[in-house]
1. Obtain the nm distance between the two label points defined at B:LEU473 and B:TRP345 by a simple spin-label model: each point lies 7 Å from its Cα along the Cα-to-C-beta direction.
2. Spin-label point model (7 Å from Cα, Cβ direction): what's the B:THR482 to B:ASP72 distance in nm?
3. For chain A, what relative contact order do you get, as a whole percent, if you take Cα pairs closer than 8 Å and at least 6 residues apart?
4. How large is ³J(HN,Hα) for each residue in the stretch B:143-152, as worked out from phi by the Karplus curve 6.51 cos²θ - 1.76 cosθ + 1.60 (θ = phi - 60°), to whole Hz, x for Gly and Pro?
5. Any idea what Rg and Dmax come out to for chain B if you just take the C-alpha atoms, in Å?
6. For B:SER55 and A:LEU71, what does the FRET efficiency come to when R0 = 60 Å and r is the distance between their Cβ atoms, rounded to the nearest 0.05?
7. Per DSSP H run of at least 4 residues, take -39500 (n - 2.57); add these up for the protein assembly as shown, divide by its residues and hand me the 222 nm value, nearest 500 deg cm²/dmol.
8. How big is the charge dipole of the protein assembly as shown about its Cα centre, in debye rounded to the nearest 20, if each Lys and Arg gets +1 on its Cβ and each Asp and Glu gets -1 on its Cβ?
Amino acid sequence: MTSLTSAETTSAKQLEEPKEHEDYRLFGLATFLIADGMTFAGFFAAYLTFRSVNPLPEGSIYEVELALPTLNTILLLVSSATFHRAGSALKKNEARLCQRWLLITASLGIAFLISQMFEYFSLPFGLTDNLYASTFYALTGFHGLHVTLGAIMILIVWWQTRFPGGRITSQNNFPLEAAELYWHFVDGIWVVLFIILYLL
Amino acid sequence: MTFVPSSEINNNSPQSLQPKGWLRYFSFSLDHKVIGLQYLVCGFVFYLIGGALASAIRIELTSPISDFMARDVYNQVLTLHGTIMIFLWIVPVVNGAFGNYLIPFYVGARDMAFPRLNAVAFWMIPPAGLMLISSYFITGAAQSGWTAYPPLSITTPAAGQIIWIISVLLLGGSSIFGGINFLATILKLRRPGLKLMQLPMYCWAMFGTSILVVLSTPVLAGTLILLSFDIVAHTGFFNPSLGGNVIVYQHLFWFYSHPAVYIMVLPAFGLVSEILPVHCKKPLFGYTTMVYSIMAIVVLGLVVWAHHMFTSGTPPWMRLFFTIATSFIAVPTGIKFFNWVATLWGGKISLNSAVLFSCGFIINFVLGGITGVALAQVPFDIHVHDTYFVVAHFHYIVYGGSVFVIFSSIYHWYPKFTGKMLNENLGRFHFLITFVGFNLCFAPQHWLGLNGMPRRVAEYDPQFTFVNQLSSLGALLMAISTIPFLWNIIQSIFKGEVAGDNPWEGLTPEWLTSSPPPVENWNGPAPLVTEPYGYGAVKKEALDETTTNKTESPKQTE
């Protein structure tokens, strides 16, 4: 073993290695989101293959209304913008404003989920009716799970940005940045899902 | 961009609250070296269980009728053997164990990028493994093989299959977390001044492997979630009687499981590239081509999956594409093999156990690679599909390839892990019976497959009896081979010769610290090793510079 004393070790460490390093937690989250996106990619590939090679039995219902999903798309796109406003407000140290924008974002997310529930209950098919129905529920449900997690995250971030006493400040804004990145990802997935599932 | 003081990263972790001594190996330790050894030992325990199951399979196959086990028990044993060996032994050990132990050393860091995530990833493995094995005793294990092809996996008893799915989802999650950690560590945590093209080859192998893990494992997770819906909620994604499509399952499954083969062998390639130069005292031949070969294998490995499906009614254009793409993989793999042979060529080779196992790997993997190229050709594949030829090919890749490298790596790094040397004679004896037993077990299976013996079945045509008994004799030798190995690793901890810091006189950074290393890897600053293979070929000044750069050089301590 070594004979270096701890004092010598510390000074040597300061000489050789930088005291600070880049925060790579967002990099890790982005990598995770790529992985998560691949799960969706698998689902999309399965859906498109089913659609092109598996004809549905006679008399199957697969019509969906476009009004609610379009409203949902708008809700999520607006919420991405409001989350961005919350982030810039925090950077300018305006905790109150940031909190307000976060609350609006969370409300938009929850409104999306409620609207999705309305759509589920008004649809003329159930989970096991046919292949299209199963894939529809699997895709939207898996996405809805992501929105639910995101909404919970936003509410936690909202609670933590309160001033004084919250843990998230303009100096320590990683949790907000992480939730924002995740939320943009979920919105982006919805846009792809909307195009593939409703418009195609 | 936010910046975190590294002192906080290093000292904020509650290492001081962790148990000391051997107890820390049973704790939620954040030390990458402890986690690496946790992976290794845990994986080895599962290897013994999977090996016992393999022995049971070979005992059953000594006679053409199913007399040793009932047929459904045989199916369960087969499924457990495959799942345990792949998901609980090879993947966690070549990635998790050696990756966690070595990568922070190689990039000059004091721990992985995300130590807590790292510990979480390890601790997902024992519950998943225990759940998988206990399902055999409680509900009956899954019976549909490690591929879980529907509709078989939908029609066999549901409870075992669901437990299998949950276990594999946990293991896949652990693997993804590990992959994220390796990518962040290799890309972001490199010591300042260390360039990517100066990294030891194992870093590149883990970089490529982690890309494959992150891109392909989630697809398997999604597929298994859909499969569990088919089993539990009676949806019809993969159930033809409900209008579903089994081929979609096969595509999605092999989109993960073909890259999974590279997830098992690419790190092994990296480990061999570390071991051979040290024991030949020669630089690794063709470093740059090695790096490009790894990245070529990563890219090609993602677009060859349908060669597992040539008999699933794939259209001709798909067969053509996947045959050509698969054959192309032989090129970067061949480059790597010529580079290893060139590394050995004219080197001062010390034929110790580590080198013997590495050379055994080269021989076995070439044989497995040749049958692999043969299997990629559609006419031949249609003939031998689902026969023992495929079993033989696969075991030449994962046992003759990956497991031989794991043994080689244990012989190579055991002195670093424990500070003690292993018994060389026992090691050579271990190699001899493993190599003879392995080839005796699996080489005859090529003949069995070519003559049409189907795999995954407990019974077979009596004309194959003798060759099957020959194969079982080889399996017996392989089973016996674990005894000298286990004896060697256990008694060497207590009675082994003291190894010193650098018994092999290696130049890679893990040898430039004490054995076993201190908690923060180096007591002084992290050494900057820009020539990890600078044996002899570099000028003397450069070598001296490397030696003076390291703080705890063995020559200085002695």
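1. 3.8 nm
2. 2.7 nm
3. RCO, chain A: 28 percent.
4. For the stretch B:143-152, the Karplus-derived couplings read 10, 9, x, 6, 7, 6, 4, x, x, 4 Hz, x marking Gly and Pro.
5. 23.3, 74
6. 0.45
7. Taken over the protein assembly as shown, the calculation gives -22500 deg cm²/dmol.
8. 1020 debye
FYI, it's all coordinate maths here, none of it is from the lab. Source: prediction; values computed, not measured. Here the Cβ is made from the backbone with ideal geometry for all residues, glycine too, and neighbour counts use every protein chain on show.
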